[in-house]
Structure formats: C-alpha cells, structure tokens
Amino acid sequence: MKKTILAAAVASTVTSFAMADISITGDAKFEYKAHDTGSATSNTTNTEMHINIVGKQGDTSVVIKTELDSHGTDGSTLDIEDNYITTKVGDVSVKAGNYASGTSGLLGEIEEGSRATNKVTLGYSTSGVDFYLGNSGTGGTSTLGVDGESVIDGNMFAGAGFTVAGQRVEIKHNNATKDSWGAKGSVQGINYRYETSDDDTDGDTSYLELSTKIGGMTLQYAALDADATGGLEETDSSVFAQEAANSTGDATAQQQIALSTAIDGTNVTFKTGTIENGLSSGDQDYFQVSASRALASGATLVVSFDDNDTSATASKETLEVELNVKF
C-alpha cells in the first residue's frame, strides 16, 4: 500500500511538472576593452548575462527578464529588467507590468525607451488597422503617496498602425505634450524608415534611415535632426556607432553612413559619421569597424575598433573584443 501511495505521489509530481509550460532563454558576453585618449590609457573587462523566463497558461504569459553583470560594488549585480504579463480579454490584447520600448518601435532611435513601472498597453485590430492605448507608467507621485504606484494623468498614450500600398504607417499621441508619426517600407529596392515627433518643450525631432543592397554589400544612411538637444534622448542605439545624446555638448543633429558585407563567413561593418550642431567644440567625427564571426563552439566572436572625437582637439580610440552566446 505504501509503495502504491508513493508511486502515485511521484507520478502526480512528474505529471504536474510536465504540464508546466515554462521556457528559459538568454545570452551572455565577456568583454575586453582597451581605451586610449592620447593622454591616458586603460584596460577594462566586463561580464554580462541575461536570463529570461517565460511561463504560459493558455493565452496568458508571465515574462521575467534578468540581468547579471559585474558593475556592482561587490563585483556582481542582479537586476530584474522586465517583468510583465501578456494576456487577452476577448479580442483585446493586454500587456501590463514593468517593461521598456525598443529601438525598433516608433521613435525608437529618438527616445530613450527606458523601462517604466506599472505600464499597460491594450491592443485591438480590425479592418487592417492595429489600435493601441495605455499608460506609460512614468512621472509624478501618487496623490495618496503610495509607494510603487504610477500616475495615469498626463501619461496616457494612444496610437494606430496600418499598411498602405505595402508601406507601414503609424501615428501616436505619446503623452500630454508630444505627438508623433512614422512610416517604413521599401520603394524600388530602397528600404526606408522615417519618424518624427512634435513636442511642446523640445520642438520637432526626426529620424531618417535609408538602406539598399549592392551586390553582396548593404549600404545604409541614417540621420537625426532636432530643434533642441533635449529632443535626442537615445543612448543605446542599434544603428549609430556613437550617440548624439552621449556627446559632451548640445548636439542637435547626426549623420552616419554604414557599409556591411560578409567575407569568408565573417560579417564586417564600417560606420562613419558626424555629431553636429550646437557643439561649442565643433562637430565630432567618428569611425568604427567591426567584425563578427560565429565559432564552431556555438559562441560568437566580435572585434571592433572605434575612433571618435571628444572635443575640437582630443579623440578617443577603443579596441573591444567580445565573446558572446545566445541560447
């Protein structure tokens, strides 16, 4: 009898575990950097890992994204980057919790897209139009002074995206002081992405990206233009080798040309550009060359060299060697 009960308990546990829909993905990298400013040199290393856990029950998912790096005073830091729920209420999709907007979204190369707490996005699609609205979860203090609460007033957003003749168009009311729109697609073999915003404080800010393939090479042009330096917020771009928002001056514009190709299984990219307008020290030019190669072990080796102006008379050179893996 005892054996039968034990067997039933074990079987029940195994069945419960097998029924759980949980996935774990992530990535890790180790970096070495050598910096040379002409008057000083330094060598640094860094380890960074992301572990992402997704649990599913029907149409509902719980997402937890963590980061482990070596920036803490004790040599390690665990940061819960994103934690949110996605589900459906009838035909309405719901995403609620703590998460960030990516650089691929509308104004992604303009706005910082930092993580927000207690954010919610509702989505609904009909007749080829994708509508959404929500609360950005930023700014202010609860009138009741309750810790952890987010203020809805002034932080509501709404938008819609639709396709016209194969071109994707999106319009958005970002918040009480900003509106934006963007379009992306392809015309005669040239891919484009254009986005612009109108803000009561910072005026107009725009982003333009053009790219095409010539033989085995991809040629890309990207540019930012703003009425005020406050219009350029993004500090971790997926496009620009250097960020206008990271410059020491009051930059309001940036241009860059990139060329990428594959050479014997190694992806090579060249980027050159200028951060300009409003800089007291003059325009800041930069150049980057990087090479990425997948290794037989499953990891990827990335080597890059950056040379960028930091003022009218000074520059900084950085050699970076990175070993990364995704799973």
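The values are calculated or read from the model by the stated rules, or taken from the named source; none is laboratory data. Bear in mind the structure is a predicted one, so any value in this text is a computation, not a measurement. Every residue, glycine as well, gets a Cβ built from its backbone with ideal geometry; the counts of neighbours run over all protein chains shown.
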Q: Taking S315 as meeting all but one of (1) more than 22 Å from the chain's Cα centre (by Cα); (2) of a type in the set (G, A, S); (3) more than 22 Å from T44 (Cα to Cα), write down the number of the exception.
A: (3)
Q. Considering L68, L78, which residue is modelled with pLDDT under 95, crowded, with 16+ Cβ neighbours inside 10 Å, in contact with a strand residue (DSSP E or B) (Cβ under 8 Å, 6 or more places away or on another chain) and among the aliphatic types (A, V, I, L, M)?
A. L68
Q: May I ask you to list the residues in region 164-181 that are surrounded by 15 or more Cβ atoms within 10 Å (Cβ to Cβ), free of Cβ contacts under 8 Å to residues at least 40 places away in the same chain and charged (D, E, K, R)?
A: K178, D179
Q. Among (1) assigned to a loop (DSSP other than H, G, I, E, B); (2) modelled with pLDDT under 95, where does F240 come up short?
A. (2)
Q) Can you name every residue in region 203-230 that is in a loop (DSSP other than H, G, I, E, B) and on the phi < 0 side of the Ramachandran plot? A) G216, D227, A228
Q: Just one of (1) modelled with pLDDT of 95 or more; (2) of a type outside the set (K, R); (3) buried (at least 19 other Cβ atoms within 10 Å of the Cβ) trips up G161, so point out which.
A: (3)
Q) Can you name the condition, by its number, that N267 falls short on among (1) under 29 Å from Y132 (Cα atoms); (2) of a type outside the set (G, A, S); (3) surrounded by fewer than 19 Cβ atoms within 10 Å (Cβ to Cβ)? A) (1)
Q. On the given criteria, is G102 surrounded by fewer than 12 Cβ atoms within 10 Å (Cβ to Cβ), out of contact with any helix residue (DSSP H, G or I) (no Cβ under 6 Å at 6 or more places or on another chain) and not polar (S, T, N, Q)?
A. yes
Q: Starting from region 109-136, take each residue that is without any contact (Cβ under 8 Å) to a residue 24 or more places away in the chain and within 19 Å of I85 (Cα to Cα) and list its partners that are of a type in the set (D, E) and buried (at least 19 other Cβ atoms within 10 Å of the Cβ), counting only C-beta distances under 6 angstrom and pairs at least six apart or across chains.
A: none
Q: Hey, can you tell me all the residues within region 236-246 that are surrounded by fewer than 17 Cβ atoms within 10 Å (Cβ to Cβ) and of a type in the set (G, A, S)?
A: S238
Q | Among residues of region 243-282, those that are modelled with pLDDT under 90, assigned to a loop (DSSP other than H, G, I, E, B) and out of contact with any strand residue (DSSP E or B) (no Cβ under 7 Å at 6 or more places or on another chain), counted | A | 8
**Q.** For E233: the one exception among (1) in contact (Cβ under 8 Å) with a residue 40 or more places away in the chain; (2) buried (at least 19 other Cβ atoms within 10 Å of the Cβ); (3) in a strand (DSSP E or B)
**A.** (3)
Q: For region 230-255, enumerate the residues that are over 17 Å from T310 (Cα atoms) and either over 17 Å from the mean Cα position of the chain (by Cα) or of a type outside the set (G, A, S) (or both).
A: G230, G231, L232, E233, E234, D236, V239
